[in-house]
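A short worksheet on the structure shown next.
Since every read-out is calculated from the coordinates, none of them should be taken as a lab result. This one's a predicted model, so the numbers in the text were calculated from it and none came from an experiment. Quick reminder, even Gly has a Cβ in these numbers, built from the backbone with ideal geometry, and neighbours come from all protein chains shown.
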Amino acid sequence: MDILSRKDQVDTKEDNKDVQLLKDKMWSRKIVGKIRIFDNRKVVEETDIIKRIKKNKIREKEIVQALQKKDGLAWEEDEVAYMEGRIYVPNNKDIKKEILKEHHDPADVRHPGQHRMKELIKRTYWWPGLKEDVKKYVQGCVKCQQNKVQHQKRAGELHPLEIPEGPW
Ligand SMILES: [Zn+2]
């Protein structure tokens with residue numbers, strides 16, 4: 001293989017990455033904007049979360065101030081507040097827990113790590129302290145902690161203590 005064709009391969013890979021990012025962005029806009037027209041399981045559950053968000057009128061200082069600024073980054077629509085295109089989740093433990101669960105426990109989500117889980121949630125939702133809540137959730141997940149211990153055990157087995165050679 002010569003240098004030119006290798007360069008082509010690299011370029012293609014980069015292009016695909018961009019396309020994937022764009023798709024992710026479009027997907028999040030769709031969910032935020034037209035949530036009710038989707039009727040598969042996941043979105044029905046998300047619609048239920050939206051209903052609960054609407055019922056909850058509690059708003060943290062941070063979002064109230066952002067809404068008052070009127071700089072286009074935060075806005076309110078149909079009783080739901082948005083921060084940079086993401087649904088603002090009010091300070092309600094149950095709603096937050098439901099969203100965290102939905103982005104971690106289901107079989108198709110497969111227990112993502114903190115970073116991945118935060119990215120998944122931020123496609124649709126945002127709240128102050130999201131990062132810390134995700135961290136706590138992953139650290140509190142029994143399945144994830146068990147996996148971690150198993151990985152550490154396996155890593156230990158791969159690097160056994162060297163047995164020193166020598167006469168003594
Ligand atoms: Zn987990």
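What net charge do the residues around Lys93 carry, taking every other residue with its C-beta under 13 Å from that of Lys93, with Lys and Arg at +1 and Asp and Glu at -1? Net charge in that neighbourhood comes out at +2.
Computing FRET efficiency as 1/(1 + (r/R0)^6) for Lys93 and Ala155, where r is the C-beta to C-beta distance and R0 is 45 Å, gives about 0.80. Annotation: peptides 69-82, 92-105, ranked by per-residue average of other Cβ atoms within 10 Å with the highest first, follow the order 92-105, 69-82. Expressed as a whole number of Å, what is the distance separating the alpha-carbon centroids of segment 137-152 and segment 44-88? Distance between centres, Cα-based: 33 Å.
When you count the other C-beta atoms within 10 angstrom of each residue and take the mean per peptide, 123-129, 52-58 line up highest first as 123-129, 52-58.
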